[in-house]
Amino acid sequence: MTRRIFIWIAHPRANSLNHALAERYASAAREAGADVRVQDLSAMRFSQDFTGYVSGHAPLEPDLLAWQDNLKWADHVLWVHPYWWAGMPSKARAVLERALSPGFAYKYRKTGMLWDKHLTGRTGDVIVTGDTPPILDTLLYGRPGRRAVRNQMLDFVGIKPRKIVQFGAVRGAPERKITRWLDRAAHLGRTAAA
């Protein structure tokens, strides 16, 4: 069976290193036989105004509905995002806040503290780029961005995290290091397609 992979480039600026990593992942996955869809945050248009999940909140715009459709379609997802202030850029967070909504991605049960995960049966990879070297992010800060995306985003809605990798420091990285990151992204894409 052909794997269906949805790649979300969660960088608000076009033509970033995140785009190059996503393209290498996508190319390798396609070469290995996967069906791949890509959605680019820099091209998405929607309101970032979010006041919580209350009745009467604004309906989702077409780009957010397309993002949800891509997520429902996929067996496997890849999110590629920069690491800014210990997490995703605000525009990427706005997609998650608005589109991973109750009823679509999860639903709290009427009693107790548990919830139903609506996106089970999917796996996910995440590639994070930043200027903090991964070893320092681990030793000094305890990997807050990677822990949040694994536990409080993917796993919360039922997507089983597969690989979460962090590349850095991007600023001043020599070409040979960037090439290694691109090769690692390709390897992850081939593995995801298998």
request  = Would you mention how many residues in segment 152-177 are surrounded by 13 or more Cβ atoms within 10 Å (Cβ to Cβ) and more than 28 Å from residue 74 (Cα to Cα)?
outcome  = 5
query = Which of the residues that make up segment 65-99 are aliphatic (A, V, I, L, M), modelled with pLDDT of 95 or more and either in a loop (DSSP other than H, G, I, E, B) or over 14 Å from the mean Cα position of the chain (by Cα) (or both)?
reply = 65, 66, 74, 88
Condition met for residue 50 (surrounded by fewer than 18 Cβ atoms within 10 Å (Cβ to Cβ), among the aromatic types (Phe, Trp, Tyr) and either at pLDDT 95 or above or part of a loop (DSSP other than H, G, I, E, B) (or both)) = yes
remark   = The residue that is surrounded by the most Cβ atoms within 10 Å (Cβ to Cβ), considering only those in segment 118-129 that are in contact (Cβ under 8 Å) with a residue 60 or more places away in the chain and among the β-branched types (Val, Ile, Thr), is 127
ask   = Hey, does segment 130-151 have a residue that's buried (at least 17 other Cβ atoms within 10 Å of the Cβ), touching a residue at least 24 places away in the same chain (Cβ under 8 Å) and more than 17 Å from residue 80 (Cα to Cα)?
value = yes
remark   = Result of the Cβ filter at 7 Å on segment 169-194, keeping first residues that are under 17 Å from residue 20 (Cβ atoms) and partners that are surrounded by 14 or more Cβ atoms within 10 Å (Cβ to Cβ) and among the β-branched types (Val, Ile, Thr), at least 6 apart or interchain, is 169/132; 170/129; 184/165; 185/127
Extreme residue, farthest from residue 10 (Cα to Cα), among residues of segment 71-117 that are free of Cβ contacts under 8 Å to residues at least 60 places away in the same chain and among the acidic types (Asp, Glu) = 116
task = Report yes if residue 29 is within 30 Å of residue 183 (Cα to Cα) and either in contact (Cβ under 8 Å) with a residue 60 or more places away in the chain or of a type outside the set (Val, Ile, Thr) (or both), otherwise no.
result = yes
ask   = Looking at (1) at pLDDT below 95; (2) under 12 Å from the mean Cα position of the chain (by Cα); (3) not aromatic (Phe, Trp, Tyr), which is the only condition residue 112 fails?
value = (2)
message = Being over 21 Å from residue 8 (Cα atoms) and either touching a helix residue (DSSP H, G or I) at 6+ places or on another chain (Cβ under 8 Å) or in a loop (DSSP other than H, G, I, E, B) (or both): is that true of residue 120 here?
response = no
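The values are calculated or read from the model by the stated rules, or taken from the named source; none is laboratory data. Treat the numbers as computed from the prediction; the structure is a model and nothing was measured. Here Cβ is always computed from backbone atoms with ideal geometry, including for glycine, and neighbour counts include all displayed protein chains.
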